[in-house]
1. How many of the residues in the stretch 517-541 are on the phi < 0 side of the Ramachandran plot and either aliphatic (A, V, I, L, M) or surrounded by fewer than 17 Cβ atoms within 10 Å (Cβ to Cβ) (or both)?
2. Before we move on, is residue 111 modelled with pLDDT under 95 and either outside the structural domain of residue 41 (by TED's automatic domain parsing) or closer than 25 Å to residue 60 by Cβ (or both)?
3. Any idea which of (1) at pLDDT below 95; (2) surrounded by 20 or more Cβ atoms within 10 Å (Cβ to Cβ) is the one residue 127 doesn't satisfy?
4. Which one is farthest from residue 202 (Cα to Cα) among residues in the stretch 234-263 that are in a helix (DSSP H, G or I) and charged (D, E, K, R)?
5. Against the definition (β-branched (Val, Ile, Thr) and either within 16 Å of the chain's Cα centre (by Cα) or crowded, with 23+ Cβ neighbours inside 10 Å (or both)), how does residue 514 come out, yes or no?
6. Mind listing just one residue for me: the one in the stretch 331-350 that is without any contact (Cβ under 8 Å) to a residue 40 or more places away in the chain and either in contact with a helix residue (DSSP H, G or I) (Cβ under 6 Å, 6 or more places away or on another chain) or in a loop (DSSP other than H, G, I, E, B) (or both) and, of those, nearest to residue 389 (Cα to Cα)?
7. (1) in the same structural domain as residue 248 (by TED's automatic domain parsing); (2) surrounded by 14 or more Cβ atoms within 10 Å (Cβ to Cβ); (3) out of contact with any strand residue (DSSP E or B) (no Cβ under 8 Å at 6 or more places or on another chain); (4) among the charged types (D, E, K, R): which one isn't true of residue 205, the others all being true?
8. I'd like to know if the stretch 29-44 contains one or more residues that are at pLDDT below 95, over 20 Å from residue 149 (Cβ atoms) and among the β-branched types (Val, Ile, Thr).
Amino acid sequence: MKLKKLLLILSIISLLWCSSLLIEKARITEDAQLLEAGKSLYREGVLTNGQPLNGISMGEIVLTGAQAACVNCHRRSGMGASEAGQRVLPITGAALYQPGPPSLWYQHNTSQPNENPLRPAYTDSTLAKAIHEGITPTGRTLQPVMPRFNLNAADRKALLAYLKSLSNPSLAVDADTIHWATVITPDANPAERSATLDLMAAFFKDKNAQISNYLHSGHIPPNRGYAPLRKWVLHVWELQGEPETWGNQLTAHFNKRPVLAVLAGVGGDHCLPVHTFCENQEVACLFPNTNVPPIQDNDFYSRYFSKGLTLEAEVLAEFLRTNQTQQPTHILQVYRQGLQGEVPATIFRQVIQPNGNIKLGNRQIAPKEKLDTLFWHRLIETERPDALVLWLREQDLASLDLTAQLPHTVYLSGHLLKGRASTFVKPPLNKVYLISPWEPQQANVERFIRMREWMEDKNLQVTDELLQGNILWFLWLLDDAVEQITHHFSSDYLIERIEDITGDYSSASPYPRISLGLGQRFAAKGCYILALGTNGQWQPIGNLIVPP
């Protein structure tokens, strides 16, 4: 009898435990669905029923769908922005659900002057009134530019839940540490891998030494206020195997140690798995060194130096379209199999073919196919082009005799030659041109002075000026962006800070013009067409070309 009672009690306990697990699982699922609905409303202007969000701005302007989305003014982080003299304040849970500084609030967000010592903390009820009627907890009226939204209970609940979630602390940042990662793919060039990791290790060591000095001296930089100084930790994620497996490897690394952003990094042809991972995890992927970044307009979390070889192809097509003295009738593209040959060849073909006056030929080189003098002779004799476009590296061009009877013009890739074109292209060659996002080397000396001084101070050799210059420029930019973040650490806000200040660092970049606007993913947006002068130096034959 006692055993039966004991079994009955255990059965009841088991049922209650299972029920509680099911209830908790249902609650977690419901919360996740609520946040997802709130995210769609905030970012895309889509209501919980799938219909477009409607709002009224300036008393009469109707905004619908994506036009009405909160992200347009308050940005993805919820931290707001400043533009055209208008300050848009943060609307994260931490900013709204505690008392705020009234001078800032009334000065920028209301039409009446401040009278109260503090803006009271919002509640769900008072925030709903501000969203619907534009009335703050103190009874003041928000500026008319702030849209008014008539949300039902389900939409309001979803939006408020999402606003509160914007204040969730980052798992990559604790009281004294910020965790970062850099990714090295198996197809990375070994020399580039070493140059990248050595430079980043030296920068992190120097950064942490500065922080240690500040902490020990008690002297805190004036721009930090009461924000804690945190040491930087770099995690190197070295991938193995085929690209199809990289996503799972990256996820495993991230689950083991979340990071605030994936920094720089080195790879070969395949950077799409890293890009996709960052978009799916909503973690910033900042300025990896790649010639073939994914060109996907709706993505947000990745920022690149430029479109790489895609940009070169677009610039060359634009140059040939607009330059009356460079109008070939028969162009032959030569490129190796693989993304770094196929991507620019495909883009150039797509852009140039609508021009019916140009015949375009294509010769793809197999991975193990060797190019010798006989290859070039037969190719040119058979095709008889008046322009060659060569998406090839230095080793493939070694057998091409540029002083022989070649077509009228030959175009070479700056990204694939990386500043080494002068080693095998010798003057006088008025038929050879280089498509380059960088200025000629002699014009770039000033840009690299600071980098060389820093490298020398850290006992590092300059082995790849462009690669090391790009990485160091980015790390300086990142350091400044992080110093401007005092409490709200998120990938979204980090990206926004970088967007806002990139243009200020243009003079220190290897690129002649570099900037990021709202939502822009590529910092350098143009290339030069360079010609080799009789003095052996490359010279631009026109202005920087920015394709449409």
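The values are calculated or read from the model by the stated rules, or taken from the named source; none is laboratory data. Source: prediction; values computed, not measured. In this analysis, Cβ positions are derived from the backbone assuming ideal geometry, glycine residues included, and neighbour counts consider all displayed protein chains.
1. Of the residues in the stretch 517-541, 15 are on the phi < 0 side of the Ramachandran plot and either aliphatic (A, V, I, L, M) or surrounded by fewer than 17 Cβ atoms within 10 Å (Cβ to Cβ) (or both).
2. Considered against the rule, which asks whether it is modelled with pLDDT under 95 and either outside the structural domain of residue 41 (by TED's automatic domain parsing) or closer than 25 Å to residue 60 by Cβ (or both), residue 111 comes out as yes.
3. The single condition residue 127 does not satisfy is (1).
4. Applying the filter and picking the extreme gives 244.
5. Taking the combined requirement at face value, the residue satisfies it.
6. Looking at residues that are without any contact (Cβ under 8 Å) to a residue 40 or more places away in the chain and either in contact with a helix residue (DSSP H, G or I) (Cβ under 6 Å, 6 or more places away or on another chain) or in a loop (DSSP other than H, G, I, E, B) (or both), I get 347.
7. (2)
8. Yes, the stretch 29-44 contains at least one residue that is at pLDDT below 95, over 20 Å from residue 149 (Cβ atoms) and among the β-branched types (Val, Ile, Thr).
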